[in-house]
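Bear in mind these aren't lab numbers, they're just calculated from the coordinates by the rules spelled out. For clarity, every value in this text was computed on a predicted model and none was experimentally measured. Please note: Cβ atoms are built from the backbone with ideal geometry, for glycine as well, and neighbour counts cover all protein chains shown.
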Amino acid sequence: MNIYPHDIVVPFKNSEESKKNQVGKMFDKIAYRYDFLNRFLSLGIDISWRKKALKYLIPVQPKQMLDVATGTGDFAIMSYEILKPEKITGIDISDGMLDIGRKKIVSAGLESKIELVHGDSEAMNFNDNSFDAVTVAFGVRNFENIEKGLSEILRVLKPGGKLVIVECTKPTLPVIKQLYFFYMKYITPKIGKIIAKNNDAYKYLNNSILQFPEKENFIHILKQSAYRNAFYKTLTLGVCTIYCAEK
């Protein structure tokens, strides 16, 4: 499998642990503030990004869904509200995030519809051809190896099943681009330090976005990983992109 510059971006540069372990511990530390910071840093627009992504799954009418890097379960809960599948399974490597997500699911009365389990996106404990659809919201950039993660998702997707990814991207328009980079480099880490007491996590966020193989480059990786009908759609002046592909 190929190694991309993104794959070696880690939260803690002085740590000898794998990226996977570092990312899990990082999210454990910021879990209690993660949802608030998502809304705050995106000005609430991330909610509309997720809704637009899920609309691509309406024609599929999935019965069994998998939400990879589910975090605190926001995307899984929204997926059920919009698509009403029989079952959604969410996996994540951060127990801290999963604990918060499980409480949300209980509050929403969705324990029989959504299950959150500890799981590695690159070595999933599911049979081949298990899911009609797989979603990943702002999680692919945390994969230790992009190609390995995408290949594992392909394995558990049913033939004809659909993958929908929502991910941050870099805007290219003049002025917007400069404002975005200033915000991500200087403002975001400071807000993370003040609110979540952890600026390393939000420096990592910026670095992982900078190195992520986005748009046409990511479509190329999807095609190399044996997905078909892959395409992307940029949102909000290019700061977010939806990727869709099929098995």
Sorted by Cβ density within 10 Å, fewest first, the residues ASP95, ASP200: ASP95, ASP200
Debye log10 I(q)/I(0) for segment 153-247, one point scatterer per Cα, at q = 0.13, 0.22, 0.23 Å⁻¹: -0.55, -1.04, -1.08
log₁₀ of I(q)/I(0) at q = 0.16 Å⁻¹ - the chain, Debye sum with one point per alpha carbon: -1.23
Share of alpha-carbon pairs per 10 Å distance bin for segment 133-207, given as whole %: 17, 34, 29, 18, 3
Beta bridges per DSSP with both ends in segment 19-246, % antiparallel, nearest 5: 40
Percentage relative contact order, the chain, counting C-alpha pairs under 8 Å, at least six apart: 22
Per DSSP, loop chymotrypsin sites (Phe, Trp or Tyr not before Pro) in segment 28-65 with at most 13 further Cβ within 10 Å: none
Inter-probe distance in nm under a simple model that places probes 7 Å from Cα toward Cβ, at VAL106 and GLU81: 2.1
Full-stretch length increase - ILE8, LYS170 - with 0.36 nm per residue and alpha-carbon distance subtracted: 56.4 nm
Pairwise label distance in nanometres, TYR186 with SER18, each label 7 Å out on the Cα-Cβ vector: 3.9
Over the chain: helical MRE at 222 nm, DSSP H runs n ≥ 4 each giving -39500 (n - 2.57), nearest 500: -13000 deg cm²/dmol
